[in-house]
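Here is the structure we will look at, set down as structure tokens.
What follows is calculated from the coordinates using simple rules that are stated; it is not laboratory data. Here the structure is a predicted model, which is why all the values come from computation and not from measurement. Here Cβ is always computed from backbone atoms with ideal geometry, including for glycine, and neighbour counts include all displayed protein chains.
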Amino acid sequence: IFGLQSGGNDTLTMQAVRLLTNPLYQVKATGPASNTQAVLDAASEIDNLLKRTAGSVTGGLVSACYRESPLEVDELVNGELWTNVGGLYRLTIQQST
């Protein structure tokens with residue numbers, strides 16, 4: 001599961017054209033606490049795929065992606081304990097068009 005945590009700071013031209021942005025995303029694996037090892041394995045794979053990643057997207061370039069901090073939270077879902085493991089990932093996105 002991923003979701004925007006903060007839009008970050010934009011770098012703008014003097015004409016207020018956005019050149020660069022640094023959003024922060026929460027990215028996590030989640031599942032029943034009875035299946036914690038599978039959740040931990042999935043979170044490790046998420047980190048392997050995202051850490052120090054770069055690439056192009058429509059209209060832009062992701063020049064950096066890295067985990068700023070780890071995330072581990074348990075919660076009750078319909079009376080059952082679930083675990084969430086992942087991190088907060090900072091992206092550097094540059095406009096290309």
With springs connecting C-alpha atoms under 10 Å apart, model the chain as a Gaussian network and identify which of Gln15, Gln26, Gln37 has the largest mean-square fluctuation. Gln15
Between Arg67, Arg52, Arg18, find the one with the highest GNM mean-square fluctuation for the chain; connect C-alpha pairs within less than 10 Å. Arg18
Note to self: C-alpha centroids of region 75-97 and region 1-27 sit apart, in Å, by 16 Å
Taking 0.36 nm per residue of separation between Gln5 and Glu72 and subtracting their Cα-Cα distance, the length gained on full extension comes to 22.6 nm
Identify the residues of region 1-24 with backbone N under 18 Å of a label point that sits 7 angstrom from the Cα of Ser96 along the Cα-to-Cβ direction, or state none. 18-23
For the chain, built as a Gaussian network whose Cα springs stay under 10 Å, the top-fluctuating residue of Asn78, Asn22, Asn35: Asn78
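Apply the a/c threshold of 1.5 to the C-alpha gyration tensor of region 45-97 and tell me whether it is rounded, prolate or oblate.
On the way: a/c = 3.59, a/b = 2.58, b/c = 1.39.
Prolate, since a/c reaches 1.5 and a/b exceeds b/c.
What length, rounded to one decimal in nm, is gained on full extension from Glu80 through to Val62, with 0.36 nm per residue of separation minus their alpha-carbon distance? All intermediate terms of the calculation are to be shown ahead of the outcome.
On the way: separation 18, 0.36 × 18 = 6.48 nm, distance 3.79 nm.
That works out to 2.7 nm of additional length.
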Specify which labelled value, from (1) 1.02; (2) 1.10; (3) 0.99, agrees with Rg/Rh (Cα atoms, Kirkwood Rh) derived from the coordinates of the model shown. (2)
Length-normalised contact order of the chain, Cα under 8 Å, at least 6 apart, in percent, tallies to 32 percent
Net lengthening on full extension, Thr30/Asn48 (0.36 nm per residue, minus Cα-Cα): 4.8 nm
